[in-house]
Amino acid sequence: MRRWSVRVLLLLAIAGAGKAEPAWAQNREKAWELYPYVGYIQFNKKAGLKDSPSYGLNFAYHWTKKQEIEFGFAGTSTKDKATSQFSADLTMIDVNYIYNIFLQRRGKVVAFVTGGGGILGFSTFGFTTNSDLVGDEQKVMYSYGGGFRFFGGRRAGLRLDARKIYYSTNIAGKQDFFEATVGLCMVLGGS
């Protein structure tokens, strides 16, 4: 199922990028952007968790061509590295500021930098001798990163994104992980 969804997203992105119509500025004022994605999370060694795939959906509002605010929801499920008998689910809800940098005159390639914060839900369960490791926590998280959008038409393109996310739990203390994502970027409306 996972491979199938990645293939569908890549085919849609290639189809959108291959359109022959001339590309206009994709980042328009007062436009909405929708970004469903698949990704991969790499946990730091201190966390003791296996790296895992992630899934999410972001939507953004462009108040100018260069500035936007993005809202997102994402999640992953993983196991501990030592025994694989202990599981952890992470869900993230965040708000990020994005600054766009146009690399081509007509906006076919747009780089961006981003930063923001939100809430990370950390739910752990399974078999362990330490009952303090099992439970649910909701903690403040913050992130920064960047990426690229490659547009083949006025409304759709391929988006690549990489972020570093920081959070802290009562059980493990300060933690961080790296998330890389790819998905279809769709721009709706705008002036």
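Scanning residues 5 or more positions from residue 153 or on other chains, none has an amide H under 5 Å from its amide H, with H placed 1.01 Å from N in the peptide plane. Between residue 111 and residue 73, full extension at 0.36 nm per residue minus the direct alpha carbon distance yields a gain of 11.5 nm.
Cut-off is 10 Å between beta-carbons; in what order do 140, 38 appear when sorted fewest neighbours first?
On the way: 140 11, 38 17.
Listed from fewest to most nearby Cβ atoms, that is 140, 38.
Note that region 91-96 has calculated 3J(HN,Hα) couplings of 10, 10, 10, 9, 10, 10 Hz, one per residue in order, obtained from phi through the Karplus relation 6.51 cos²θ - 1.76 cosθ + 1.60 (θ = phi - 60°); glycine and proline are x.
Summing charges over all other residues whose Cβ lies under 12 Å from the Cβ of residue 61, with Lys and Arg as +1 and Asp and Glu as -1, gives -2.
Here each label is just a point 7 Å from Cα along the line to Cβ, and for residue 32 and residue 47 those points are 3.1 nm apart. Computed from phi, the 3J(HN,Hα) profile of region 62-74 under the Karplus parametrisation 6.51, -1.76, 1.60 (θ = phi - 60°) reads 8, 7, 9, 5, 9, 10, 8, 10, 10, 10, x, 9, 8 Hz, with x in place of Gly and Pro.
Only the coordinates and a few stated rules stand behind these numbers; no lab work does. Bear in mind that the values here come from a model prediction, so they are computed numbers and not experimental data. A quick note on method: Cβ atoms are made from the backbone with ideal geometry, for glycine too, and the neighbour counts reach across all protein chains shown.
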